[in-house]
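The values are calculated or read from the model by the stated rules, or taken from the named source; none is laboratory data. Everything numeric in this text was worked out from a predicted model, so none of it was measured. Because the Cβ atoms are built from the backbone with ideal geometry, glycine has one as well, and the counts that use them run over all protein chains shown. Accessible surface is based on the protein model in full, side chains and every heavy atom, while ligands, DNA and RNA are left aside. Shrake-Rupley method; radii C 1.70, N 1.55, O 1.52, S 1.80 Å.
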Amino acid sequence: MNHRHRKVLHALFDHPISANIEFKDVESLLKELGAEIDTKAGNRVGVKIGNRAATFHHAQHDLHKDEVVKVKHFLVDCGIDPSQFPV
(Lines give C-alpha, C1' and ligand atoms only; values in the text may rest on other atoms or scores of the structure.)
Protein backbone atom coordinates (compact mmCIF):
# COMPACT_ATOMS: atom_id res chain seq x y z
CA MET A 1 0.00 0.00 0.00
CA ASN A 2 1.50 3.31 -1.01
CA HIS A 3 1.65 6.47 1.10
CA ARG A 4 -1.39 8.07 -0.58
CA HIS A 5 -3.57 5.03 0.16
CA ARG A 6 -2.46 5.04 3.79
CA LYS A 7 -3.27 8.77 4.10
CA VAL A 8 -6.78 8.20 2.75
CA LEU A 9 -7.30 5.25 5.10
CA HIS A 10 -6.27 7.32 8.11
CA ALA A 11 -8.43 10.25 6.92
CA LEU A 12 -11.47 7.94 6.91
CA PHE A 13 -10.84 7.14 10.58
CA ASP A 14 -9.98 10.69 11.70
CA HIS A 15 -12.02 12.50 14.31
CA PRO A 16 -13.67 14.88 13.66
CA ILE A 17 -14.98 13.38 10.44
CA SER A 18 -13.25 14.78 7.38
CA ALA A 19 -15.42 16.40 4.71
CA ASN A 20 -12.77 16.60 1.99
CA ILE A 21 -12.07 12.98 1.02
CA GLU A 22 -12.50 12.44 -2.70
CA PHE A 23 -14.46 9.40 -3.82
CA LYS A 24 -11.87 8.47 -6.44
CA ASP A 25 -9.25 8.24 -3.67
CA VAL A 26 -11.51 5.98 -1.58
CA GLU A 27 -12.22 3.84 -4.63
CA SER A 28 -8.49 3.49 -5.29
CA LEU A 29 -7.90 2.54 -1.63
CA LEU A 30 -10.65 -0.08 -1.75
CA LYS A 31 -9.15 -1.61 -4.90
CA GLU A 32 -5.75 -1.71 -3.18
CA LEU A 33 -7.39 -3.58 -0.29
CA GLY A 34 -8.66 -6.20 -2.76
CA ALA A 35 -12.23 -4.99 -3.20
CA GLU A 36 -14.40 -5.90 -6.14
CA ILE A 37 -16.20 -2.75 -7.28
CA ASP A 38 -19.17 -2.59 -9.64
CA THR A 39 -21.37 0.28 -10.76
CA LYS A 40 -25.04 0.11 -9.86
CA ALA A 41 -28.03 2.15 -10.94
CA GLY A 42 -28.74 5.51 -9.38
CA ASN A 43 -25.17 6.72 -8.94
CA ARG A 44 -24.35 3.87 -6.55
CA VAL A 45 -21.28 1.67 -6.31
CA GLY A 46 -21.25 -1.88 -4.97
CA VAL A 47 -18.15 -2.95 -3.04
CA LYS A 48 -17.22 -6.44 -1.90
CA ILE A 49 -14.24 -7.44 0.23
CA GLY A 50 -14.15 -11.11 1.11
CA ASN A 51 -17.68 -12.06 2.17
CA ARG A 52 -18.66 -8.49 3.14
CA ALA A 53 -20.55 -6.26 0.74
CA ALA A 54 -21.82 -2.68 0.85
CA THR A 55 -23.27 -0.05 -1.46
CA PHE A 56 -22.10 3.55 -1.42
CA HIS A 57 -23.21 6.73 -3.16
CA HIS A 58 -20.77 7.68 -5.93
CA ALA A 59 -19.95 11.31 -5.15
CA GLN A 60 -18.69 13.40 -8.02
CA HIS A 61 -16.07 14.99 -5.78
CA ASP A 62 -15.84 14.83 -1.98
CA LEU A 63 -17.75 12.30 0.09
CA HIS A 64 -20.43 13.56 2.45
CA LYS A 65 -19.73 12.93 6.11
CA ASP A 66 -22.41 10.24 6.36
CA GLU A 67 -20.78 8.33 3.49
CA VAL A 68 -17.39 8.61 5.20
CA VAL A 69 -18.94 7.00 8.28
CA LYS A 70 -20.47 4.21 6.14
CA VAL A 71 -17.11 3.47 4.50
CA LYS A 72 -15.39 3.49 7.90
CA HIS A 73 -17.90 1.02 9.36
CA PHE A 74 -17.56 -1.20 6.28
CA LEU A 75 -13.79 -1.28 6.68
CA VAL A 76 -14.11 -2.11 10.38
CA ASP A 77 -16.52 -4.95 9.53
CA CYS A 78 -13.93 -6.25 7.06
CA GLY A 79 -11.28 -6.27 9.81
CA ILE A 80 -9.25 -3.39 8.40
CA ASP A 81 -7.60 -1.19 11.00
CA PRO A 82 -5.52 1.88 10.07
CA SER A 83 -2.96 0.96 12.74
CA GLN A 84 -1.99 -1.96 10.49
CA PHE A 85 -0.85 0.61 7.91
CA PRO A 86 1.23 3.38 9.53
CA VAL A 87 1.54 6.64 7.60
Original post:
With (1) open to solvent by less than 30 Å² (accessible area, probe 1.4 Å); (2) part of a helix (DSSP H, G or I) as the list, and SER18 as the residue in question, which single condition is left unmet?
Top reply: (2)
Subject >> Members of the stretch 24-83 that are under 13 Å from LEU9 (Cα atoms), of a type in the set (Gly, Ala, Ser) and under 12 Å from the mean Cα position of the chain (by Cα) >> reply: SER28
**OP:** Within the stretch 21-35, count every residue that is under 13 Å from LEU75 (Cα atoms), in a helix (DSSP H, G or I) and open to solvent by less than 50 Å² (accessible area, probe 1.4 Å).
**Re:** 4
Original post:
Which condition breaks for LEU12 when tested against (1) modelled with pLDDT of 95 or more; (2) surrounded by fewer than 16 Cβ atoms within 10 Å (Cβ to Cβ); (3) outside any strand (DSSP E or B)?
Top reply: (2)
Subject >> All positions within the stretch 36-51 that are open to solvent by 80 Å² or more (accessible area, probe 1.4 Å) and assigned to a loop (DSSP other than H, G, I, E, B) >> reply: ALA41, ASN51
Original post:
Considering only residues of the stretch 52-87 that are in a strand (DSSP E or B) and either among the hydrophobic types (A, V, I, L, M, F, W, C) or touching a residue at least 24 places away in the same chain (Cβ under 8 Å) (or both), which is most open to solvent (accessible area, probe 1.4 Å)?
Top reply: ARG52
